[in-house]
Structures are given as C-alpha cells and as structure tokens.
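The values are calculated or read from the model by the stated rules, or taken from the named source; none is laboratory data. Here the structure is a predicted model, which is why all the values come from computation and not from measurement. Virtual Cβ from ideal backbone geometry, glycine too; neighbours counted across all protein chains shown.
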Amino acid sequence: MTLHAKFKSSIAAAMMLATAGFGLATQAAKADAVDDITKAGAINVGIFSDFPPFSSASADMSIKGYDIDVAQAIADSLKVKLNLVSVTGQNRIPYLTDKRVDILMSVGYSKEREQVIDFAAAYAPYYIAVIGPKATAVKGKEDLADKSIAVNRGTLEDTSLTAAAPASADIRRFDNYNSVIQAFISGQTQLMVVGNDVGAQVLAKQDALQPEQKFQLLTSPSHIGLNKNEDRLKKAVNDAVAKMLADGKLDESSKAWLKTPLNPDNLKD
C-alpha cells in the first residue's frame with residue numbers, strides 16, 4: 001500500500017470513528033427523563049410530607065391527599081411505580097435540578113423560579129378566601145364593612161385583605177393560623193381570611209358552625225415543577241392532568257380533600 005493510500009485509509013477510519021461517536025452522542029442526547037423513569041420503573045415525586053390537605057400522613061401512616069392523587073395518576077399514565085420523596089421549601093429545587101426527584105408537586109409559579117426550572121400546567125387551586133358562617137351574608141369585599149375578620153399577621157392573606165377591605169372593617173391580626181382559626185370558631189371574629197389549604201380543614205371539621213367560602217381575594221394556582229428541556233415528561237404530566245379534568249377525577253379529589261368542587265377558573269394564573 002502506498003503512503004497516499006495509507007493516508008486515505010487512515011482518514012476513512014477516522015471519519016468512521018467520528019461518525020460512530022456522533023451517533024452515540026446523538027443517541028445519548030435523545031435520552032431524557034421519561035426514558036430514565038421507564039428504565040427505573042418508578043417516578044420520584046417530591047412532596048411536602050406535612051401539608052394537609054395536599055399531602056400528609058393518614059391513620060395508617062401512608063401519605064395521602066390531593067397531591068398524592070395527582071402524582072399517582074401521573075405514575076399510572078407512565079405505567080411505573082410512584083415513589084414519594086419528602087422535600088422542604090429550602091431543598092426541593094436542588095433536589096429537582098440534581099435529579100434526586102423527577103417532578104415536584106405544589107410549586108407556585110414565579111419568574112425567578114422559571115429561570116431555573118420548568119412548569120407543567122396548573123393542576124391545583126390555591127387561593128385566599130374569606131370564610132364565614134352560612135348565616136352571615138357576605139358576597140364581596142364591600143360586605144366586609146363593619147365585620148370583624150381574623151387573619152395571620154404579615155402574610156399574603158394579611159396584605160390581600162388589607163388592600164381589599166373597606167376602612168370600617170375590623171381586621172384582627174394573629175401570630176399563627178391556629179390562633180386565626182380559634183378566633184373564628186369561638187366567635188371572637190365573624191370571618192377569617194386564609195388560604196384554601198387551611199380553610200379546607202375548617203370546612204371539614206366545623207359542622208355546627210356551617211362555615212363556607214364567601215369569595216376569593218387572590219388566586220395563585222399550584223403547578224408541577226420539572227427540569228428544563230424535558231418536553232416528553234412535561235407532555236406526559238399535562239396529559240395526565242387533562243385526563244383527570246376530563247373524567248372528573250380532579251373534581252373528586254377536590255371534593256374529598258379541599259371540601260369544595262373544583263372550579264377550573266382557579267387553575268388559571
């Protein structure tokens with residue numbers, strides 16, 4: 001073989017290796033979270049383990065709630081096992097970006113978070129509501145005039161109420177939610193303003209008082225968080241939630257855990 005022929009042969013071999021390497025790199029690039037989940041046979045879902053009624057320990061010590069219903073539906077749609085991972089407000093974003101979890105439940109949208117993670121469609125209503133006894137006629141913020149209202153000091157509920165209430169409203173601020181609830185159920189205040197997570201617990205336990213949601217002050221639905229550039233996983237999550245909406249399963253979960261029918265408008269940002 002001449003030197004020129006050997007050179008051409010070496011070039012051809014190098015090109016074949018480069019092409020093979022490119023093919024492997026392309027194949028690796030196409031692997032995504034859905035492939036990893038399918039291969040593992042389980043989806044790791046980050047949840048707050050003590051966040052009733054969205055997720056908390058039941059009598060048999062298993063974690064149940066609205067978030068768990070939705071997470072199970074997503075796992076079922078992917079035909080894998082649901083693996084719940086307890087997270088905190090401080091570590092859950094790092095858990096996601098480090099791929100210790102595949103998705104996160106109960107993530108509020110913000111522009112700051114959008115710089116780091118992606119968001120599937122809203123699946124859970126979160127709103128701040130005015131709650132009062134059935135016998136108390138309150139339909140809108142103008143009806144808060146001259147009413148005594150319990151609220152947790154310095155919270156989003158507090159600022160929302162302060163902005164909405166007429167000057168004559170008697171806003172009574174407390175240092176924690178237990179004090180807000182006690183003030184309301186004991187009759188110290190006529191109304192209370194809380195998020196629907198806290199409100200659901202009161203609606204479920206106070207039959208004699210017959211509390212009900214009067215109207216909403218602010219709506220900020222929860223999303224499912226996932227890593228960026230995971231289009232297949234995002235579609236799978238959105239499809240699972242859309243199916244729950246269409247077949248009424250999400251409404252059933254809302255009635256069971258949030259103690260109120262699901263209003264689709266509460267899933268709009």
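Within region 76-99, can one find any residue that is within 25 Å of Ala246 (Cβ to Cβ) and surrounded by 23 or more Cβ atoms within 10 Å (Cβ to Cβ)? The answer is no, given that none of the residues of region 76-99 is within 25 Å of Ala246 (Cβ to Cβ) and surrounded by 23 or more Cβ atoms within 10 Å (Cβ to Cβ). Only one entry in Asp251, Asp231, Asp247 is in the same structural domain as Ala121 (by TED's automatic domain parsing) and closer than 24 Å to Leu96 by Cα, namely Asp231.
So for region 19-35 (the condition being within 22 Å of Pro94 (Cα to Cα), at pLDDT 55 or above, hydrophobic (A, V, I, L, M, F, W, C) and part of a helix (DSSP H, G or I)), does at least one residue qualify? Lay out the reasoning, then the answer.
Just the residues of region 19-35 that are within 22 Å of Pro94 (Cα to Cα), to begin with: 31-35.
In the following step, the residues that additionally are at pLDDT 55 or above were identified as 31-35.
Add one more test, that the residue is hydrophobic (A, V, I, L, M, F, W, C), and what stays is 31, 33-34.
This time we only want the ones that are part of a helix (DSSP H, G or I), so: 33-34.
Yes, because at least one residue in region 19-35 is within 22 Å of Pro94 (Cα to Cα), at pLDDT 55 or above, hydrophobic (A, V, I, L, M, F, W, C) and part of a helix (DSSP H, G or I).
Note on region 112-150: residues that are part of a loop (DSSP other than H, G, I, E, B), under 30 Å from Ser168 (Cα atoms) and in contact (Cβ under 8 Å) with a residue 24 or more places away in the chain total 10. Summed over region 73-111, the residues that are of a type in the set (Ser, Thr, Tyr) and either farther than 16 Å from Asn227 by Cα or free of Cβ contacts under 8 Å to residues at least 12 places away in the same chain (or both) give a count of 4. Step by step: first the residues of region 232-255, then only those that are without any contact (Cβ under 8 Å) to a residue 60 or more places away in the chain and either polar (S, T, N, Q) or loosely packed, with under 14 Cβ neighbours inside 10 Å (or both), then the one that is nearest to Asp197 (Cα to Cα). Which residue is that? My answer is Lys255. Residue check: is Phe215 crowded, with 17+ Cβ neighbours inside 10 Å, touching a residue at least 24 places away in the same chain (Cβ under 8 Å) and under 20 Å from Lys141 (Cα atoms)? In short, no.
With respect to Gln201, is the statement that it is over 23 Å from the mean Cα position of the chain (by Cα) and closer than 17 Å to Pro133 by Cα true? Criteria not met by Gln201.
Mind checking which residues of region 174-184 are buried (at least 17 other Cβ atoms within 10 Å of the Cβ) and either of a type in the set (Lys, Arg) or out of contact with any helix residue (DSSP H, G or I) (no Cβ under 7 Å at 6 or more places or on another chain) (or both)? Steps first, answer last, please.
Going through region 174-184, the residues buried (at least 17 other Cβ atoms within 10 Å of the Cβ) turn out to be 174, 177, 180-181, 183-184.
Matches in region 174-184: Val180, Ala183, Phe184.
What number of residues in region 186-208 are in a loop (DSSP other than H, G, I, E, B) and either modelled with pLDDT of 85 or more or surrounded by 22 or more Cβ atoms within 10 Å (Cβ to Cβ) (or both)?
Of the residues in that region, 5 qualify.
Going by the conditions given, is Asp158 outside any loop (DSSP other than H, G, I, E, B) and within 17 Å of Pro52 (Cβ to Cβ)? No, not satisfied. Regarding region 156-172, can at least one residue be identified that is more than 27 Å from the chain's Cα centre (by Cα), closer than 20 Å to Gln210 by Cβ and either among the acidic types (Asp, Glu) or loosely packed, with under 15 Cβ neighbours inside 10 Å (or both)? The answer is no; no qualifying residue exists. Of everything listed in (1) in contact with a Ser or Thr (Cβ under 7 Å, 6 or more places away or on another chain); (2) at pLDDT below 50, the single unmet condition for Phe7 is (1). For region 126-148, the count of residues that are in contact with a Gly (Cβ under 6 Å, 6 or more places away or on another chain), buried (at least 17 other Cβ atoms within 10 Å of the Cβ) and under 25 Å from Ser49 (Cα atoms) is at least one. If you take the residues in region 218-231 that are surrounded by 15 or more Cβ atoms within 10 Å (Cβ to Cβ) and within 13 Å of Asp32 (Cα to Cα), which one is nearest to the chain's Cα centre (by Cα)? Only one residue tops the list, namely Leu226.
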